[in-house]
Amino acid sequence: MKNLRTLMLLVSLGLAAQACSSAPVTETRTGNGSTPQGPMGSTEEATVTVTNFRYEPPTLEVPTGTTVTWVNQDEILHTVTSGTPEGATVPGVSEGAAAEPDGRFDEELDGGGATVEVTLDERGTYTYFCAIHGGMVGEIIVG
């Protein structure tokens, strides 16, 4: 019963969170498992699974032009929001800082198998988090 109350409190608090949205990367929602194509016909793909309030794998290295697919295996809503997560688990960010989306991508993942795809066309490190559940953090290194 205590775990259920805690979960309900976390969900209620998370629903109050808001995130900015802007997209210099290609974003596609899909539920059919289709294979999108990246720049110049490339079809590099990678998958991140959302399960038990975690992104698996938490860190992913991919080549430029890769389409990353997040698959939500939890039964509740999560987001994939690029930027600095709350609590500053990212080096160089002040501890205790509020979550700060950077506008690269911000997508909702409805529960139970929902997917979202983002094609990463620029080199760099993309830190992302769930705007609803502050402890969910991931990172994609595009090289």
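Results, tabulated for the structure shown:
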read-out	value
Residue that is least open to solvent (accessible area, probe 1.4 Å) [pool: residues in segment 110-126 that are of a type in the set (Asp, Glu) and over 13 Å from residue 67 (Cβ atoms)]	110
Qualifying residue in segment 2-10 (condition: closer than 24 Å to residue 143 by Cα, outside any strand (DSSP E or B) and modelled with pLDDT under 95)	no
Residue count, segment 127-143 (criterion: assigned to a strand (DSSP E or B) and open to solvent by less than 10 Å² (accessible area, probe 1.4 Å))	5
In segment 42-85, the residues that are open to solvent by 50 Å² or more (accessible area, probe 1.4 Å) and closer than 14 Å to residue 136 by Cβ	52, 53, 54, 56, 58, 59, 73, 76, 77
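The values are calculated or read from the model by the stated rules, or taken from the named source; none is laboratory data. Since this is a predicted model, take the numbers as computed values, not measurements. Every residue, glycine among them, receives a Cβ derived from its backbone with ideal geometry; neighbour counts consider all protein chains shown. The protein model used for the area step is the full one, side chains on, heavy atoms only, and it has no ligands, DNA or RNA in it. Shrake-Rupley method; radii C 1.70, N 1.55, O 1.52, S 1.80 Å.
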